[in-house]
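Beneath this line is the structure, given in structure tokens, with notes to follow.
The values are calculated or read from the model by the stated rules, or taken from the named source; none is laboratory data. Owing to the predicted nature of the structure, the values given are computational and were not obtained by experimental measurement. In this analysis, Cβ positions are derived from the backbone assuming ideal geometry, glycine residues included, and neighbour counts consider all displayed protein chains.
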Amino acid sequence: MKLLQDILVIDFSQFLSGPSASLRLADMGAEVIKVEKPETGDICRQLYVSDVVMDGESTIFHAINRNKESYAADLKNADDAVRIRALIEKADVVMHNFRPGVMERLGFDYESVKKINPKIIYAEINGYGTEGEWKDLPGQDLLLQAASGLTWLSNNNEENPTPMGVAVVDILAGTHLTQGILAALLQKGKTGEGALIQVSMFESILDFQFEVLTCHYNDGGQLPDRSAINNAHAYVAAPYGLYKTATSYIALAMTDIVRLGQLLGCDALKGYTNSDDWFDKRDEIKKALVVHLLTNSAEHWLGILEAADIWCAPVYDYDALIKQEGYRVLNMEITTHTSNGLRVKTTRCPIRVDGKILVSSAGAPYLGEHNERIDEKHGLSKTLQPAVKPK
């Protein structure tokens, strides 16, 4: 299903945030042309996030650039710049994630591109916005997690600030950029007008924390108070957290502490009849649970709690997860195929439309793979041919 069929996206972005946005557009049927620097290409090709390398390139590059076309072009080269401008004339969307000022120096900033294509939707991601003393800082995921306060929400209150073990800022910024692009495409369909869509990674990760920041704004500026034991949310009462049992771990969310004590046979919980104590005394409640849950298996406790409709769950690692029927029935895994025969298993687009999933087996392109095809399809070679003078 190609919801964005005939939408042409010119993507200058690299690594994660921008490419994650263009990936979702490609999943929905847009033609995404990934413009890359000759010889080196997207830095993500070689910037490994693990020791898993596939055909000389990183796994993350293959995961985030599937179903796209690669066009190698040096924007500082006059001939290449002419070709890219000709491509932009036909585009619906142009996007990048460079620091402020980079595209201006290259002559492909919004105002310059708008002169080429007045109806263009120009979408950009930066680190900290385009103003202020932080605007030139590197927009790197861990650094933004650190600067945004996010790292003070996880782990227990006597522990170090703890980052999330995934590139959450990159992916959120890409998600927000996709939302902006889709809204602008809807507007363009109604009015014929383009738009400038701007997302900063810093604003994205602040928005991600709207729940806890709103608490901070409105409770006299009190800082989030992580619980001392099994912290999972600074503003949620006991028993919220992960607990070790005799065999493995279980997760407990919000529930009535007295009823929980009755179901588990934990007498220490039955005296907390004042619900205010569930937050004010959450550490001592959690301490009692820690001791009690170690006396039996995860399967035993989950059997009791699930039957009583208590919010709980097993804690799986990836090995355990992929064996579960609840995982398998979703068909989240797809296998993509590159033109040189490499097969890559990865996750699919999570969106369903009319009950159907959006899938494509097209793998990530090798650098410059589609130059010739794109030149021919969009007539780019003709842009460099001198005009024939009449006799």
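Looking only at segment 221-243, decide whether some residue is at positive phi, more than 23 Å from the chain's Cα centre (by Cα), at pLDDT below 95 and not aliphatic (A, V, I, L, M).
Yes: one or more hits.
Exactly one of (1) under 26 Å from the mean Cα position of the chain (by Cα); (2) in the same structural domain as Ala72 (by TED's automatic domain parsing); (3) small (Gly, Ala, Ser) is unmet by Gly379. Its number?
Gly379 satisfies every listed condition except (1).
Tally time: how many residues in segment 268-298 are surrounded by 14 or more Cβ atoms within 10 Å (Cβ to Cβ) and either aromatic (Phe, Trp, Tyr) or within 14 Å of Ile250 (Cβ to Cβ) (or both)?
11
Need pairs with beta-carbon distance below 9 Å; first residue in the same structural domain as Gly271 (by TED's automatic domain parsing) and touching a residue at least 40 places away in the same chain (Cβ under 8 Å) and within segment 223-250, second of a type in the set (Lys, Arg) and in a strand (DSSP E or B); sequence gap 6+ or separate chains.
Cβ pairs passing all conditions: Ile250/Lys244.
Residue check, Leu142 against (1) within 27 Å of Val168 (Cα to Cα); (2) in contact (Cβ under 8 Å) with a residue 40 or more places away in the chain; (3) surrounded by fewer than 16 Cβ atoms within 10 Å (Cβ to Cβ); (4) not basic (Lys, Arg), all met but one. Which one?
Tallying (1) within 27 Å of Val168 (Cα to Cα); (2) in contact (Cβ under 8 Å) with a residue 40 or more places away in the chain; (3) surrounded by fewer than 16 Cβ atoms within 10 Å (Cβ to Cβ); (4) not basic (Lys, Arg), Leu142 fails exactly one: (2).
Would you tally the residues in segment 94-106 being loosely packed, with under 15 Cβ neighbours inside 10 Å and within 19 Å of Ala73 (Cβ to Cβ)? Break it down into steps so the answer makes sense when it comes.
Let us first name the residues in segment 94-106 that are loosely packed, with under 15 Cβ neighbours inside 10 Å, namely 101, 104-105.
Subsequent filtering for residues that are within 19 Å of Ala73 (Cβ to Cβ) retains 104-105.
The total comes to 2.
Condition test on Ala308, is it of a type in the set (A, V, I, L, M, F, W, C) and under 30 Å from Asp27 (Cβ atoms)?
Judged against the criteria, Ala308 is not a match.
Working only within segment 140-158, note down all residues that are in a loop (DSSP other than H, G, I, E, B) and closer than 17 Å to Tyr235 by Cα.
Answer for segment 140-158, where residues must be in a loop (DSSP other than H, G, I, E, B) and closer than 17 Å to Tyr235 by Cα: Gly149, Leu153, Ser154, Asn155, Asn156, Asn157, Glu158.
Does Tyr327 satisfy the condition of being touching a Leu at 6+ places or on another chain (Cβ under 7 Å), of a type in the set (Ser, Thr, Tyr) and closer than 23 Å to Thr175 by Cβ? Before you say what the answer is, go through the steps one by one.
Numbers: touching a Leu at 6+ places or on another chain (Cβ under 7 Å): yes; of a type in the set (Ser, Thr, Tyr): yes; closer than 23 Å to Thr175 by Cβ: yes.
So Tyr327 passes the test.
Every residue in segment 259-281 that is farther than 30 Å from Leu150 by Cβ, charged (D, E, K, R) and not in a helix (DSSP H, G or I), please.
Matches in segment 259-281: Lys270 only.
Would you call Pro100 farther than 23 Å from Cys44 by Cα, under 25 Å from the mean Cα position of the chain (by Cα) and without any contact (Cβ under 8 Å) to a residue 40 or more places away in the chain?
So Pro100 does not fit the description; no.
Quick check on my filter: what residues within segment 29-52 are modelled with pLDDT of 95 or more and among the hydrophobic types (A, V, I, L, M, F, W, C)?
Within segment 29-52, Ala30, Val32, Ile33, Val35 qualify.
For the list (1) in contact with a Phe, Trp or Tyr (Cβ under 9 Å, 6 or more places away or on another chain); (2) without any contact (Cβ under 8 Å) to a residue 60 or more places away in the chain, I need the number of the one condition that Tyr122 fails.
Exception for Tyr122: condition (2).
If you scan segment 308-330, which residues turn out to be surrounded by 14 or more Cβ atoms within 10 Å (Cβ to Cβ), hydrophobic (A, V, I, L, M, F, W, C) and outside any loop (DSSP other than H, G, I, E, B)?
Cys312, Ala313 - these are the residues of segment 308-330 that are surrounded by 14 or more Cβ atoms within 10 Å (Cβ to Cβ), hydrophobic (A, V, I, L, M, F, W, C) and outside any loop (DSSP other than H, G, I, E, B).
In segment 322-340, what residues are out of contact with any Asp or Glu (no Cβ under 9 Å at 6 or more places or on another chain) and within 27 Å of Ala72 (Cβ to Cβ)?
Listed by number, the residues that qualify are Ile334, Thr335, Thr336, His337.
Which of the residues that make up segment 168-191 are touching a helix residue (DSSP H, G or I) at 6+ places or on another chain (Cβ under 6 Å) and β-branched (Val, Ile, Thr)?
Correct list: Val169, Ile171, Thr178.
Keeping to segment 146-169, report how many residues are of a type in the set (Val, Ile, Thr) and surrounded by fewer than 16 Cβ atoms within 10 Å (Cβ to Cβ).
Final tally of qualifying residues: 1.
Got a number for residues in segment 232-258 being assigned to a loop (DSSP other than H, G, I, E, B) and closer than 20 Å to Ala298 by Cβ? Spell out how you get there, then give the answer.
Residues of segment 232-258 assigned to a loop (DSSP other than H, G, I, E, B): 232-240, 245-248, 253-256.
Cutting the leftovers down to closer than 20 Å to Ala298 by Cβ gives us 232, 238-240, 245-248, 253-255.
Here the count works out to 11.
Among (1) modelled with pLDDT of 95 or more; (2) in contact with a helix residue (DSSP H, G or I) (Cβ under 9 Å, 6 or more places away or on another chain), which single condition is Leu294 missing?
(2)
Name every residue in segment 170-215 that is surrounded by fewer than 18 Cβ atoms within 10 Å (Cβ to Cβ), farther than 24 Å from Lys114 by Cβ, touching a residue at least 60 places away in the same chain (Cβ under 8 Å) and not aliphatic (A, V, I, L, M), in order of residue number.
Passing the criteria: Thr175, Gln209.
Counting just the residues of segment 331-358 that are surrounded by 14 or more Cβ atoms within 10 Å (Cβ to Cβ) and in a loop (DSSP other than H, G, I, E, B), which one comes out nearest to the chain's Cα centre (by Cα)? Spell out the reasoning first.
Initial filter on segment 331-358 (surrounded by 14 or more Cβ atoms within 10 Å (Cβ to Cβ)): 332, 334, 336, 338, 342, 344, 346, 348-349, 357-358.
Pick out the ones that are also in a loop (DSSP other than H, G, I, E, B) and you get 332, 338, 342, 348-349, 358.
On the way: Met332: 16, Thr338: 23, Leu342: 25, Arg348: 13, Cys349: 12, Leu358: 18 Å.
Filtering first and then ranking leaves Cys349.
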